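The values are calculated or read from the model by the stated rules, or taken from the named source; none is laboratory data. Owing to the predicted nature of the structure, the values given are computational and were not obtained by experimental measurement. Neighbour counts are summed over all protein chains in view; Cβ atoms, including those assigned to glycine, are modelled from backbone coordinates with ideal geometry.
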Amino acid sequence: MKNSARSMRHAALTIRSASNTTTPQSSAYPSAYPTEDEDDAPTKRRRKPFPFLKLPSELRNRVYAIAFESVPTVIDLDPEIFHLLRQRLALFFVSKQIHDEVLHYFYATRTFRVFPIYPGRYFKTKKPLLARLAPSYRASITSLQLRLGPGWNNPPKGWVVNDALGLKDCKSVRVLNIFVECDPSDAIFKGFRQGDGFYETFSCGLLEGILKEVPSIEAVEFDAWTSVKKDGDMMIGLLETVVMNNKIVKWGPERGWDKVDERDELVDQSLARAGIGSVVSRSLAVLA
């Protein structure tokens with residue numbers, strides 16, 4: 001038994017001694033310095049950035065179009081639209097040239113709503129979208145929209161054409177789109193409207209103010225829901241205002257007014273009583 005115990009102790013000492021002669025602890029971990037073989041290894045080459053600005057402007061605009069494809073064509077004070085634009089803000093910070101190109105492309109290819117219709121605080125705000133934009137941004141806008149109908153019995157106080165709106169900076173605007181959601185002169189609104197002709201007069205006042213503030217507007221395009229009649233008091237008043245300001249009358253596709261129908265004669269008759277029937281007839285004929 002004693003000889004066996006001694007043999008075991010001797011074996012343990014031998015193993016411990018052998019372990020002390022192995023590689024030093026410090027070299028058991030990889031070195032932070034490259035070995036000679038690693039020094040000789042070829043370094044990874046970084047990829048050169050794509051020369052985007054060397055592309056023709058038409059192709060660059062196509063790329064911008066894809067980037068903003070999911071953004072609505074009509075821009076309003078709408079949280080959803082803001083969220084979509086926020087995801088693309090990085091484009092504006094790539095370089096000064098790309099910033100300028102993207103900015104001009106976006107503002108020139110979208111229609112901007114003059115007064116907000118999004119329900120809640122945005123609808124009642126005293127600072128519409130145009131008033132929140134920088135003058136240089138407003139200068140790139142080519143199309144505006146005036147949506148009539150929301151708040152027809154009690155229009156928001158912020159719906160007023162004044163200097164704070166910034167319309168004078170919109171020098172590139174050529175088309176004003178007017179979408180009429182309802183005509184309070186219709187008999188169905190009797191007993192609910194403030195008074196006969198109230199909202200029609202209010203709407204014509206807004207239109208008159210916009211046309212005066214933005215003389216670069218060449219044409220006014222009308223569209224509406226199916227309940228709105230082309231020869232109703234609302235439309236007649238708006239048409240009179242457009243023609244008296246020597247603007248071209250156009251019709252949008254939603255209501256189907258871009259096709260000539262029997263109501264065109266009634267429109268001409270109503271406008272003739274105001275002494276401008278022949279002018280409207282020519283405007284409609286040119287665009288038929």
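From the list Glu181, Glu213, Glu208, the one residue that fits, being of a type in the set (Asp, Glu), at pLDDT 90 or above, in contact with a Cys (Cβ under 9 Å, 6 or more places away or on another chain) and under 21 Å from Val161 (Cα atoms), is Glu213. Applying the criterion of being among the aliphatic types (A, V, I, L, M) and touching a strand residue (DSSP E or B) at 6+ places or on another chain (Cβ under 9 Å) to the residues of segment 139-176, the residue that is surrounded by the most Cβ atoms within 10 Å (Cβ to Cβ) is Leu148. Among the residues here, Val63 does not qualify as at pLDDT 90 or above, outside any helix (DSSP H, G or I) and β-branched (Val, Ile, Thr). The set of residues from segment 97-139 being charged (D, E, K, R) and either farther than 18 Å from Lys171 by Cβ or not in a helix (DSSP H, G or I) (or both) comprises Glu101, Arg110, Arg113, Arg121, Lys124, Lys126, Lys127, Arg132.
Quick check on Pro119: is it within 15 Å of the chain's Cα centre (by Cα), closer than 24 Å to Leu206 by Cβ and not hydrophobic (A, V, I, L, M, F, W, C)? Let's see the steps before the verdict.
Working: within 15 Å of the chain's Cα centre (by Cα): no; closer than 24 Å to Leu206 by Cβ: yes; not hydrophobic (A, V, I, L, M, F, W, C): yes.
In short, no.
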